1. Taking into account only those residues within segment 223-254 that are assigned to a loop (DSSP other than H, G, I, E, B) and either within 16 Å of Ser35 (Cβ to Cβ) or among the aromatic types (Phe, Trp, Tyr) (or both), which is modelled with the highest pLDDT?
2. Can you tell me which residues in segment 303-341 are open to solvent by 70 Å² or more (accessible area, probe 1.4 Å) and either under 30 Å from His397 (Cα atoms) or of a type in the set (A, V, I, L, M) (or both)?
3. Name the pairs: first residue in segment 343-366 and over 14 Å from Gln395 (Cα atoms) and open to solvent by 50 Å² or more (accessible area, probe 1.4 Å), second residue assigned to a loop (DSSP other than H, G, I, E, B) and of a type in the set (Val, Ile, Thr), Cβ to Cβ under 6 Å, at least 6 apart or on different chains?
4. Just to be sure, is His170 without any contact (Cβ under 8 Å) to a residue 12 or more places away in the chain and either within 27 Å of Ala197 (Cα to Cα) or of a type in the set (Ser, Thr, Tyr) (or both)?
5. If Ile219 passes every condition in (1) open to solvent by less than 50 Å² (accessible area, probe 1.4 Å); (2) touching a residue at least 40 places away in the same chain (Cβ under 8 Å); (3) in a loop (DSSP other than H, G, I, E, B) but one, which one does it miss?
6. Could you tell me which residue of segment 620-637 is farthest from Arg562 (Cα to Cα), considering only residues that are more than 26 Å from the chain's Cα centre (by Cα) and of a type in the set (Gly, Ala, Ser)?
7. I'd like the full set of residues that are modelled with pLDDT under 95 and either over 20 Å from Val73 (Cα atoms) or assigned to a loop (DSSP other than H, G, I, E, B) (or both), limited to segment 29-54.
8. Give segment 532-556 a look and list any residue that's open to solvent by 20 Å² or more (accessible area, probe 1.4 Å) and outside any helix (DSSP H, G or I), or say none.
Amino acid sequence: MKSALEIKPDISYKSAGKFEETRFEKIHNEIFKNSVEASVIVAQEIAQLIRSKQEKGKSCVLGLATGSSPIKVYEELVRMHREEGLSFSNVITFNLDEYYPMTKENNQSYHYFMHQHLFNHIDINPDNVNIPDGTVHIDELNQYCIDYEMNIKNAGGLDFQLLGIGRTGHVGFNEPGSHINSGTRIITLDHITRVDASSDFNGIDNVPKRAITMGVSTILRSKRIVLMAWGQNKADIIKRTIQGDISSEVPATFLQNHPNATFVLDQSAASELTRFKTPWLVGECIWNQELKSKAIVWLCQKTKQSILKLTDRDYNNNGMSDLLAQEGSAYDLNINMFNVLQHTITGWPGGKPNTDDSHRPERANPAKKRVILFSPHPDDDVISMGGTFSKLIKQGHDVHVVYQTSGNIAVTDDEALKFAEVAKDFIGEAGSGINFKSVIEFLNSKSENQIDSLEVRKLKGLIRRRESYAATRYIGLKDENTHFLDLPFYETGQVKKNPLGPEDIAIVKDIIAQIKPHQVFAAGDLADPHGTHEVCLNAIFAAMKELKPEKYMDDCWLWLYRGAWHEWDIHEIDMAVPLSPSEVLLKRHAILYHQSQKDRVMFQGNDSREFWVRAEDRNKNTAILYDELGLAEYEAIEAFKRFDY
């Protein structure tokens, strides 16, 4: 059957033929602008398969995955069921894996996940749903796994297998060391896998150490395989899987031998592939300014030379002879690139008054700008741009910080209990709107999977709020310029949030309309483990798009910051704001006012450092990179990219 995955990747070079484009790559892959677009295409292929089987009076056997990667696929399948009449009456499903031990009722179980995201919303026969049972007695587990394999075989085998991929290269829970002939079995989870799951379980100590998983051979017997990967965190393992040698150390590489497998990636997950990272090593390029900048920075790092020291030979020996021929000489290329980077550097992030701004990243006028600094959580502002935040205030701009979510889910129960006990001892039960005795009783008796009560969530939100006030006061911001939106999508009391809704967008739209900013700073760092940054950014995009006809929006520029999870690459930076040693220290102290997020970071992702450490290291590393390229030497640099909304 013809695959529905036929959209061409959005690339900035001309293919020099199939061999040149794919000589580094050993698995067919398709790259999309974002995960939403890609997920819709995958869902369409699944729906097409289901309908074609229905027309023939046959069952459609699907292998399904869990985790964040397939969620939008399931959302689209549910939409097609509700709005287009897609029936699942002929569908039989087999899930890849389940934690062990794990009850079906546990909200971290994959049984719970699948029903929450898919099965509760479609017309599938419950008898046709097969998910590994995490409650099977250990003595019976071997036979149970054999039976699971036989059930797949008796159903006619898997017509379609949906996969995600872990940072260890696991598919299902086939961790490094898994054999190509492995079948369904119990397996010990890799430490990295447990670290990645730790935020879901409120700490690694609560993550199960074992799981039941389909084997590599079970997956490879599928007639069609689609593996999905989103985000920068998956880029390295995707490169190893697609371009590396087949090895049990990266079990996903076994898919290289499958005759009908496709990797579906967003641009971030594909970013380390050779044809995206260094396309000049693959074939002829269309040399726009962004690609030139990327290539020259790469060449400097490869040759360990500053920009102005690069020679014609350096360009010719590293796949850039066509760029050299186009531009004329290394001297011209080097000078132009040096000037591009030099013009990104400014100590005036709001623009420098009464100065020629033709080569500056920001406008000189108006001299005093209205600025909105959007912060997804109540600490992203100081973590990602605390130094720039301080400069904007000191340079006389009307700065407003807007916290988009309460951040309550990231406050530990122990931290909340401490505050509740202090408050109860100090003020008793009156005057706060919170019954602290009730809160203390709830937290002391809270079960493993119990959702926080409204009062507990309110207390945790207040903890984050008061920490934010302390940090912004330290930076120098007036309290009346600090705003808390508490966007509804976040307020579920769980790690899983609701989709972005019209109410969220309307709230963001109102604050923009109220302030009428000349500058908007927003988090473009989309690698946080549970996607809150992405939802918050999409709310800003949607709100600004709706407001675009307003006259004041003609003068509004949108700047995206990073730093909490990773940093902009040098060639992506449009504004680089240097920080002095004292400004670095000021930023550190502002971050440390968020005491509930110190020491026990609940949602740290794959970076074990505290946020103040990782932010400081990234800022200092950006400064080092500028220095190594031959520009001025600074203590640290915060980086921004301008976005045309």
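1. Restricting attention to segment 223-254, the residues satisfying the condition of being assigned to a loop (DSSP other than H, G, I, E, B) are 223-224, 230-231, 244-246, 248-249.
Still in the running and either within 16 Å of Ser35 (Cβ to Cβ) or among the aromatic types (Phe, Trp, Tyr) (or both): 230-231.
Details: Trp230: 93, Gly231: 88.
It comes out as Trp230.
2. Looking only at segment 303-341, we keep the residues that are open to solvent by 70 Å² or more (accessible area, probe 1.4 Å), and these are 304, 308-309, 312-313, 316-317, 325-326, 331, 336.
Answer for segment 303-341, where residues must be open to solvent by 70 Å² or more (accessible area, probe 1.4 Å) and either under 30 Å from His397 (Cα atoms) or of a type in the set (A, V, I, L, M) (or both): Leu308, Ala325.
3. Correct list of pairs: Arg360/Thr346.
4. Working: without any contact (Cβ under 8 Å) to a residue 12 or more places away in the chain: no; either within 27 Å of Ala197 (Cα to Cα) or of a type in the set (Ser, Thr, Tyr) (or both): yes.
No; evaluated as a whole, the condition is false for this residue.
5. Here Ile219 meets the rest and fails (3).
6. Gly630
7. Lys33, Asn34
8. Of all residues in segment 532-556, those open to solvent by 20 Å² or more (accessible area, probe 1.4 Å) come to 534-535, 538, 541-542, 545-546, 548-552, 554-555.
If the condition is that a residue be open to solvent by 20 Å² or more (accessible area, probe 1.4 Å) and outside any helix (DSSP H, G or I), then Lys548, Pro549, Glu550 are the ones that fit.
The values are calculated or read from the model by the stated rules, or taken from the named source; none is laboratory data. Since the structure is predicted, the reported quantities are computational estimates derived from the model, not experimental observations. Using ideal geometry, Cβ is built from the backbone for each residue, glycine included, and neighbour counts are taken over all protein chains shown. Each accessible area value is taken on the protein alone, full model and side chains, heavy atoms only, with ligands, DNA and RNA left out. Shrake-Rupley method; radii C 1.70, N 1.55, O 1.52, S 1.80 Å.
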